[in-house]
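Read-outs throughout are calculated quantities, based only on the coordinates presented, and are distinct from any laboratory measurement. Note that the coordinates shown come from a computational prediction; the quantities given were computed from them, not determined experimentally. When we count neighbours, we look across all protein chains shown, and the Cβ atoms used for this are built from the backbone with ideal geometry, even at glycine.
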Amino acid sequence: MAQLRGIIGWSGAWLAVKTRNGGWIVRQVMVYLGEDGHWVAECPSLPGCMSQGKSKEEALTNIKQAIRGYVAALEGDHLPVPDARSFARPD
């Protein structure tokens, strides 16, 4: 998470995301203002799972879809879904 160091406007949240099979997963998401002025949302427990939006709300909506798709792809390939982890705010 080195790219988050020194980011102003960083915040974190736990999101409950309904999966395609009707289950629920809860993941921590980090949201910050990107260099291009769009809000970036990352799910650290799912490597590479990121999205963005013009507002925080849009970024959160988009990351929910990204998480759902990420988990569905792993399950479709019969691969393990990484456990949810908690991350401390970067220095």
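What to note about this one:
- Karplus-based coupling profile of the range 36-48, in residue order and whole Hz: 8, x, 8, 7, 10, 10, 10, 10, x, 7, 10, x, x, with θ = phi - 60° in 6.51 cos²θ - 1.76 cosθ + 1.60 and x standing for Gly or Pro.
- Here the Karplus curve 6.51 cos²θ - 1.76 cosθ + 1.60, taken at θ = phi - 60°, turns the phi angles of the range 61-72 into couplings of 4, 5, 5, 4, 5, 5, 4, 4, x, 4, 5, 4 Hz, with x standing for Gly and Pro.
- Report note on the peptides 70-83, 34-47: ranked by the mean count of other C-beta atoms within 10 Å, highest first, their order is 34-47, 70-83.
- Once backbone amide H atoms are built at 1.01 Å from N, residue 34 has 39, 40 as its partners under 5 Å, excluding neighbours fewer than 5 places away on the same chain.
- Karplus-based coupling profile of the range 49-60, in residue order and whole Hz: 7, 9, 7, 8, x, 6, 9, 4, 4, 5, 4, 5, with θ = phi - 60° in 6.51 cos²θ - 1.76 cosθ + 1.60 and x standing for Gly or Pro.
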